[in-house]
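Student: Quick one: the structure is below, questions incoming.
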Amino acid sequence: MYDVITIGSNTLDVFAYTDRSESICIKTLEGEECYISYPSGSKLLINELDFDTGGGGINTAVALARMGLSVGYVGKLGADDNAHKIIEELNREGVDFLGSRSELEHEKTGYSIILDSIERKRTVLAYKGVNDNLDFDQLDIGCLKAKWFYICTMMGKSFEALKRLALYARDNQIKVVFNPSSYLAEKGIEYLAPVMDNTHILVLNQEEATYLVGQGKPLDKLKKLRKTGPRTVIITDGPKPAHCLDEHNIYYVIYPQDIRIVEVTGAGDSFASSFLAGIIHGCNVEKSLKIALANSQSVLKYKGAKRKLLSFKEAEQEILKNPPQVDITGPLH
């Protein structure tokens, strides 16, 4: 019996850092869009090159394992050397691989190239590989015994597997955390309903929330999202406060602290998974939000999605040393 089984994508990530990137912002009637720019026709020197594993399923599995929980991971790996590297990483972190591997040489593991910018915002070139080909019927269902499923974004055939895993969770008294990306949120509430109906905790950002329930104040979005199935909903917003409405209609706002951000990759994964870790460790919602903020801010201070993930004890020490502000209202009627 695992504490958590994470279900989601996996990649081998390469982080490329160069001082020749520039930021170009274009104002439109709808707002402002910013782009990373490189000189055309030039050969650019890379100052620093880092390789790491990534993807929502892997990032959250490692974060939860470092928080002291027993963790399994379900995803699809290719028939290549990158799959071996991901398995080795999971083994080092104490995470069991419960997914499937392709036997076809042309099916590759996911791969991402992360391009840095002068504002420390990154653009990701993502190759999905076999991530979209997870087949529910190829999983060993007997191994999927857990208190929680943490479901990340998967597309195509893999989303059909996610829907069946959500139903399996319902039928086996397994609670579900759902963390959809903009790819899934753009498809709308009806498309996500089979998963949302069986979700206990929904975590998403402002853009994803807007895709699902439209524009509005954070509390209004939380209330609308609660009506779609989840008991507790959290909306994050980058450097702005995160908002939460729990199953008892208590409304929380937690304020990020002033830190030097080195890179944003993986911060959202660490926030959502650390909130769940707090709940599993017996914390209330307020303390779980603080644990989540502490771990996500630790990730933001370093390059890479998992470079400085905290243990549960380290996160507790951090919130004692630098207690974040949390506003609590309710219960609302």
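The values are calculated or read from the model by the stated rules, or taken from the named source; none is laboratory data. Every value quoted in this text rests on a predicted model; they were computed, and no experiment measured them. Please note: Cβ atoms are built from the backbone with ideal geometry, for glycine as well, and neighbour counts cover all protein chains shown. Heavy atoms of the whole protein, side chains included, go into the accessibility calculation; ligands, DNA and RNA do not. Shrake-Rupley method; radii C 1.70, N 1.55, O 1.52, S 1.80 Å.
Student: Of all residues in region 109-130, which are among the basic types (Lys, Arg) and at pLDDT 85 or above?
Tutor: If the condition is that a residue be among the basic types (Lys, Arg) and at pLDDT 85 or above, then 128 is the only one that fits.
Student: State all residues of region 85-100 that are touching a Ser or Thr at 6+ places or on another chain (Cβ under 9 Å) and within 24 Å of residue 156 (Cα to Cα); if no residue qualifies, say none.
Tutor: Correct list: 86 only.
Student: Somewhere in region 63-72, is a residue over 22 Å from residue 295 (Cβ atoms), open to solvent by less than 20 Å² (accessible area, probe 1.4 Å) and in contact (Cβ under 8 Å) with a residue 12 or more places away in the chain?
Tutor: Scanning region 63-72, I find no residue that is over 22 Å from residue 295 (Cβ atoms), open to solvent by less than 20 Å² (accessible area, probe 1.4 Å) and in contact (Cβ under 8 Å) with a residue 12 or more places away in the chain, so the answer is no.
Student: Turning to a different aspect of this structure: For region 19-33, does any single residue satisfy the condition of being among the hydrophobic types (A, V, I, L, M, F, W, C), in contact (Cβ under 8 Å) with a residue 24 or more places away in the chain and either over 23 Å from residue 141 (Cβ atoms) or open to solvent by 10 Å² or more (accessible area, probe 1.4 Å) (or both)?
Tutor: no
Student: How many residues are open to solvent by 40 Å² or more (accessible area, probe 1.4 Å) and not in a helix (DSSP H, G or I) when one looks only at region 217-236?
Tutor: 3
Student: Could you tell me whether region 241-259 includes any residue that is on the phi > 0 side of the Ramachandran plot and at pLDDT below 95?
Tutor: Within region 241-259 (the criterion being on the phi > 0 side of the Ramachandran plot and at pLDDT below 95), the answer is no, since none of the residues qualifies.
Okay, residues lined up against (1) without any contact (Cβ under 8 Å) to a residue 60 or more places away in the chain; (2) touching a His at 6+ places or on another chain (Cβ under 9 Å); (3) among the aliphatic types (A, V, I, L, M); (4) over 26 Å from residue 124 (Cβ atoms):
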residue	(1), (2), (3), (4)
276	no, no, yes, no
280	no, no, yes, yes
286	yes, no, no, yes
297	yes, no, no, no
314	yes, no, no, yes
